[in-house]
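What follows is one structure encoded as structure tokens, with my remarks underneath.
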Protein chains: 2
Amino acid sequence: MDNWDEVRTAFQVARLGTVSGAAEVLGVHHATVIRHIDALETKLGVKLFQRHARGYTATEAGNDLLQVAQTTDDQFAQLSGRLKGRGSSVTGELVVTSLATFSPVLAPVLVGFREEHPELTVRYLTGDRLFRLEYGEAHVAIRAGAAPDQPDNVVQPFGHQALALYASKRYVERNGVPENEADFVNHSFVGHDAETRAPFNLWLREVVPLENIVYRTLDNRSMQDGVTAGAGIGFLPCSVAEKFDDLVQIEPSRPEWSAPLWLVTHVDLHRTAKVQSFLTYLKRAAKDWEV
Amino acid sequence: MDNWDEVRTAFQVARLGTVSGAAEVLGVHHATVIRHIDALETKLGVKLFQRHARGYTATEAGNDLLQVAQTTDDQFAQLSGRLKGRGSSVTGELVVTSLATFSPVLAPVLVGFREEHPELTVRYLTGDRLFRLEYGEAHVAIRAGAAPDQPDNVVQPFGHQALALYASKRYVERNGVPENEADFVNHSFVGHDAETRAPFNLWLREVVPLENIVYRTLDNRSMQDGVTAGAGIGFLPCSVAEKFDDLVQIEPSRPEWSAPLWLVTHVDLHRTAKVQSFLTYLKRAAKDWEV
DNA sequence: GATCCAATGTGAGAATTTGCACAGGATCAC
DNA sequence: GTGATCCTGTGCAAATTCTCACATTGGATC
């Protein structure tokens, strides 16, 4: 049974009772139908039909095939409907990935988008490793830093995330606020432990003596936790810091601190209504947290 | 969704994750697989797979198709097994048709055959009209009289059914037994009302005056009922008459009375194990009721 | 980091499939 | 019974599909 088209042909013949009728429904010549039936019967070693002048009537075997193929036909029709609809509707899953840093600002966006499309299930992936669009692990990725140049990816600039220096009120109460950059040597800082190429990190390493960076973490999220806990002065996205009453802005944001953001989708999914719809929504929402 | 082979191709790609693997399983060139996928995606307007260097990974839509096609594949495999088995095994239905006359002698044969093949369902069709093998109404037919010459039918001689003249004991007690053919004018007979070409009927019309045929029916079965009820002397198959203690044989069977019997099968079904098996069984059993 | 390997993708020829035209029956209606 | 119609079946030409060969591109491994 290695030729499903022949099964489909036999199905129509069994359903309609004539080769001509089946040929018309299938949109092929009736000679083709006859050949399909003959081939199928030969392969199976069973007569599916009895030939007579009025057409073909299914044998027991033919009726058995009719039953099975009927359900197959129904299921394929349903499948086709689902798939065609899926192309132009916003349903199913939407898988988004980004660095964990963006979780606080992205979560409201995702929630808002899902509310506009109740049939949608949102999966938001953050983790140690980079989730790869090429393997279909996500539909949309938000990446920071140098422009990704993966071949099959569609990359769009996504502005810059405004960053500023913050400290907790508790830290300020105990250590005051640095008057200028020269005063940084008298303060404690929270920074990356690894030598990342993030602009704000390069700036920090240049301006602040290494020994003043007293609290170092491997990821941005833990860095935020360090700042809010009062470990020292550190970089936070403004849009994140706004959510915490306990934080004091030490320095306002500067363009040179922020790394460019990129919106990345796989070329195969970029055109789909679901992804396009989300990208539009995302860009609109993102206007609020630009530099 | 008018090309089930493409669905099958997509199914294998979704299952195996690579075009090459699917091509090997399907026994076609990988270029063919790629074309099938492209065609299917174009027709559906949905990306089923994400292409990358390691192969194809199914999208949501592809996974949906995978689920549906998997069940289809399973069902087709089961169907194929059933159909192939049906060709060489004796299962399912066996549909036999004959004149109602043969019911008493055929019933034991059918029952015996079914006991040898418990998975078999026997349908025995007798009725006013002739059931037609061409339309698949029956697998095997037992016909009497002239050799059938339908084109697509396989006809085998099936001997002769021994016929003899019988009367009920009650009739004999009241009217005695005719001493010779000349004495027939003093007796009552049961015969066909219609002018059938059956040999025994022709003989009866010739030998017995029409007015002595006092009980006339349209079918053989009713004729038998007439004889057993004591309406007169009439023809019965010996094998049938033996089952009735109440009957007395007036004249022993003669070859010229019996019409030839024919075993008829449709050419499409003749070769099947089921039909062949039944024909063998039937011929063996029939040796008992020959002339 | 160079190399090997295993994938996908594409153009041209070959092979299979398909379509067409016509023949042959069988049934139905009148 | 006779014409009309509908169905199956088959030889031959056309068209589509498939195969083959080669290019290309990432990924893995040493």
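Among the listed residues A:49, A:11, identify the single one that is surrounded by 21 or more Cβ atoms within 10 Å (Cβ to Cβ), farther than 30 Å from residue A:261 by Cβ, over 46 Å from the mean Cα position of the chain (by Cα) and of a type outside the set (Asp, Glu). Give the steps one after another, and end with the answer.
Numbers: A:11 fails: over 46 Å from the mean Cα position of the chain (by Cα).
Sole residue among the options that is surrounded by 21 or more Cβ atoms within 10 Å (Cβ to Cβ), farther than 30 Å from residue A:261 by Cβ, over 46 Å from the mean Cα position of the chain (by Cα) and of a type outside the set (Asp, Glu): A:49.
Taking region B:17-62 on its own, how many of its residues are more than 9 Å from chain A (Cβ to nearest Cβ), more than 11 Å from DNA strand C (Cβ to nearest atom) and in a loop (DSSP other than H, G, I, E, B)?
Result for region B:17-62: 1.
Looking at region B:161-198, which of its residues are in contact with an Asp or Glu (Cβ under 7 Å, 6 or more places away or on another chain) and under 22 Å from residue B:146 (Cα atoms)?
B:162, B:164
Looking at B:253, B:239, which is the one that is over 22 Å from the mean Cα position of the chain (by Cα), closer than 29 Å to residue B:205 by Cα and part of a helix (DSSP H, G or I)?
Of the residues listed, the single one that is over 22 Å from the mean Cα position of the chain (by Cα), closer than 29 Å to residue B:205 by Cα and part of a helix (DSSP H, G or I) is B:239.
How do the strands (runs of 3 or more DSSP E) wholly within region A:96-192 filter down when requiring 1 or more residues that are modelled with pLDDT under 85 and within 14 Å of another protein chain (Cβ to nearest Cβ): which remain?
Qualifying strands (runs of 3 or more DSSP E): A:153-160.
Go through region A:245-288 and give me each residue that's out of contact with any Pro (no Cβ under 7 Å at 6 or more places or on another chain) and aliphatic (A, V, I, L, M).
Selection gives A:247, A:248, A:261, A:263, A:267, A:269, A:273, A:275, A:279, A:282, A:285, A:286.
What's the number of the only condition in (1) on the phi > 0 side of the Ramachandran plot; (2) in contact with a Ser or Thr (Cβ under 7 Å, 6 or more places away or on another chain) that residue A:45 fails to meet?
Of the numbered conditions (1) on the phi > 0 side of the Ramachandran plot; (2) in contact with a Ser or Thr (Cβ under 7 Å, 6 or more places away or on another chain), the odd one out for residue A:45 is (2).
Could we say that residue A:11 is assigned to a helix (DSSP H, G or I), within 16 Å of DNA strand C (Cβ to nearest atom) and within 22 Å of residue B:26 (Cβ to Cβ) here? Walk me through how you get there before you give the answer.
Numbers: assigned to a helix (DSSP H, G or I): yes; within 16 Å of DNA strand C (Cβ to nearest atom): yes; within 22 Å of residue B:26 (Cβ to Cβ): yes.
For residue A:11, the condition - assigned to a helix (DSSP H, G or I), within 16 Å of DNA strand C (Cβ to nearest atom) and within 22 Å of residue B:26 (Cβ to Cβ) - is met.
Might you let me know whether region A:70-86 holds any residue that is more than 19 Å from residue B:83 (Cβ to Cβ), crowded, with 21+ Cβ neighbours inside 10 Å and among the basic types (Lys, Arg)?
Taking every residue of region A:70-86 in turn, at least one turns out to be more than 19 Å from residue B:83 (Cβ to Cβ), crowded, with 21+ Cβ neighbours inside 10 Å and among the basic types (Lys, Arg).
Need the failing condition index for residue A:267 against (1) under 24 Å from residue A:186 (Cα atoms); (2) β-branched (Val, Ile, Thr); (3) out of contact with any helix residue (DSSP H, G or I) (no Cβ under 8 Å at 6 or more places or on another chain), just the number.
All conditions are met except number (1).
Kindly check whether there is at least one residue in region A:83-93 that is more than 7 Å from chain B (Cβ to nearest Cβ), assigned to a helix (DSSP H, G or I) and under 48 Å from the mean Cα position of the chain (by Cα).
Checking region A:83-93: at least one residue is more than 7 Å from chain B (Cβ to nearest Cβ), assigned to a helix (DSSP H, G or I) and under 48 Å from the mean Cα position of the chain (by Cα).
The values are calculated or read from the model by the stated rules, or taken from the named source; none is laboratory data. Model, not experiment: these values are computed from the prediction. A quick note on method: Cβ atoms are made from the backbone with ideal geometry, for glycine too, and the neighbour counts reach across all protein chains shown.
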